[in-house]
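Here the structure is laid out as C-alpha cells; the discussion comes afterwards.
The values are calculated or read from the model by the stated rules, or taken from the named source; none is laboratory data. Remember, it's a predicted structure, so these values are computed and weren't measured experimentally. Ideal geometry is used to build each Cβ from the backbone, glycine not excepted, and the neighbour counts take in all protein chains shown. Quick note on the areas: whole protein, heavy atoms, side chains included, nothing else; ligands and nucleic acids left out. Shrake-Rupley method; radii C 1.70, N 1.55, O 1.52, S 1.80 Å.
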Amino acid sequence: MSSGPYLHGHHASVLRSHSWRTVENSCPHLIPHLHNTSLKILDVGCGPGTISVDLAARIPQGSVLAIDPSQEVIMKARKHAEEKGVTNIRFEVGDIFNWGAVAGIEESGFDIVHAHQVLQHLQDPLSAMKEMKKLTRKGGILAVRDCDYSAMNHYPPNEGMSKWLDLYRSVAKSIKCDPDIGKRLHAIAMQAGFPRSDIDTSVSAWTFSTPDERAWWCGLWAERSTKSDYKARVLESGLGTEEDLEEIARTWREMEGKEDGWFAVINGEVVAYNRP
Ligand SMILES: C[S@@+](CC[C@H](N)C(=O)[O-])C[C@H]1O[C@@H](n2cnc3c(N)ncnc32)[C@H](O)[C@@H]1O
C-alpha cells in the first residue's frame with residue numbers, strides 16, 4: 001500500500017499553520033493520558049514536529065518516535081527539537097504503510113500511537129488505523145484527531161468562502177481523500193477492530209478572530225491558494241482555474257480585513273483503548 005499525494009505539500013504557507021500547533025491547542029484529548037512521564041509514543045505524520053516535540057517535553061523519562069514520509073519536514077522537525085533542547089525524541093522518514101522499514105518501530109511497541117490531521121490525507125484511512133492499532137501495546141491507546149471541513153464556519157457571510165470550501169472539498173475527494181473525516185473517526189476505529197465501548201469521542205475547535213489570528217489564518221490560506229502544492233492539485237484536477245484561485249485568495253484577504261471576522265475549525269477526536 002502506498003501513500004497518495006499529500007494535498008497541501010510542504011510550502012512555507014502550509015508549514016506555518018502546522019508549526020503553530022502544540023499539545024495544548026491541538027491534542028486536548030491526549031492531555032489526560034500524559035500523566036505517566038515514561039511513556040513511549042509514536043507520532044505518525046508528524047509534519048514539522050511541533051506537537052511531537054511538545055509531547056516529548058511532557059514525558060521527560062519517556063520517548064517519542066515521530067515519522068513522516070517527507071524528508072524535507074523531517075529535517076525541519078529535527079532542527080525544531082534541537083532549538084527547543086528536547087532530546088528524548090527521534091524523527092525518521094517513514095510511512096505508516098511501510099513502518100517495518102523504520103528502525104525501532106515494532107508491533108505492540110508503543111503506549112500511545114498518535115496521528116494529528118493525517119487520516120484526512122490518506123486514501124485508505126482504515127488500513128492506516130489498522131496499522132496504528134497493531135503498533136499500540138495492549139493497555140495502550142490510539143489517539144487520532146482530524147478536522148471536518150463540512151463543519152467549518154465563518155462570519156460574516158461571504159459567498160467567496162463557499163467557493164473556497166466547495167473547491168477544497170472537491171479537490172480532496174478527487175484524489176480519494178475525505179476532507180470531512182473528523183466526524184467518522186470513531187466509525188473507522190470500530191472497523192479497525194475496536195469495540196464501540198472502548199472508544200472515547202470528543203470535539204474541539206480552533207477559532208481565529210483577533211486581528212493577529214485573522215492575519216495568520218486568512219493570510220496562510222491566501223498564500224496556500226496561490227503558492228503551495230494545493231494550487232498545482234487544483235489545476236491538475238481541472239476543478240478550478242488560476243483565476244478561481246486568485247479570486248479565492250482575494251476573498252481570504254477581504255475576510256482578514258473584517259474587524260468582526262470569525263472562523264471556526266471543528267476537529268473530531270478519538271481515543272481508542274487497546275484492551276489486553
Ligand atoms: C496536515 S499534516 C499534519 C502534520 C502534523 N501532524 C501536525 O498536525 O502538525 C499531515 C502530514 O501527514 C503526512 N503523511 C501523509 N501520508 C502519510 C503516511 N502514509 N504515513 C505517515 N505520514 C503521512 C504528510 O507528509 C504531512 O506532513
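Between a first residue in the range 42-68 that is under 17 Å from GLY94 (Cβ atoms) and a second residue that is near the ligand (Cβ under 6 Å from one of its atoms) and among the basic types (Lys, Arg), which pairs have beta carbons less than 6 Å apart while being 6 or more apart in sequence or on different chains?
Pairs that qualify, where the first residue is under 17 Å from GLY94 (Cβ atoms) and the partner is near the ligand (Cβ under 6 Å from one of its atoms) and among the basic types (Lys, Arg), are ILE51/ARG21.
Restricting attention to the range 79-94, which residues are open to solvent by 30 Å² or more (accessible area, probe 1.4 Å) and in contact with an Asp or Glu (Cβ under 8 Å, 6 or more places away or on another chain)?
Across the range 79-94, the qualifying residue is only VAL93.
So is SER170 open to solvent by 10 Å² or more (accessible area, probe 1.4 Å), in a strand (DSSP E or B), touching a residue at least 60 places away in the same chain (Cβ under 8 Å) and more than 15 Å from TRP252 (Cα to Cα) or not?
Considered against the rule, which asks whether it is open to solvent by 10 Å² or more (accessible area, probe 1.4 Å), in a strand (DSSP E or B), touching a residue at least 60 places away in the same chain (Cβ under 8 Å) and more than 15 Å from TRP252 (Cα to Cα), SER170 comes out as no.
Condition check ((1) surrounded by fewer than 15 Cβ atoms within 10 Å (Cβ to Cβ); (2) modelled with pLDDT of 95 or more; (3) assigned to a helix (DSSP H, G or I); (4) charged (D, E, K, R)) across all residues:
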{"position": "ALA143", "(1), (2), (3), (4)": "no, yes, no, no"}
{"position": "LEU165", "(1), (2), (3), (4)": "no, yes, yes, no"}
{"position": "LYS176", "(1), (2), (3), (4)": "yes, yes, no, yes"}
{"position": "GLY182", "(1), (2), (3), (4)": "no, yes, yes, no"}
{"position": "LEU185", "(1), (2), (3), (4)": "no, yes, yes, no"}
{"position": "TRP216", "(1), (2), (3), (4)": "no, no, yes, no"}
{"position": "SER225", "(1), (2), (3), (4)": "no, no, yes, no"}
{"position": "ARG250", "(1), (2), (3), (4)": "yes, yes, yes, yes"}
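So which residues in the range 95-141 are open to solvent by 50 Å² or more (accessible area, probe 1.4 Å), over 21 Å from the mean Cα position of the chain (by Cα) and within 24 Å of ASN36 (Cβ to Cβ)? Walk me through how you get there before you give the answer.
Let us first name the residues in the range 95-141 that are open to solvent by 50 Å² or more (accessible area, probe 1.4 Å), namely 98, 100-101, 103, 106-108, 123, 130, 134, 137-138.
Cutting the leftovers down to over 21 Å from the mean Cα position of the chain (by Cα) gives us 100-101, 103, 106-108, 137-138.
Listed by number, the residues that qualify are GLU106, GLU107, SER108, ARG137, LYS138.
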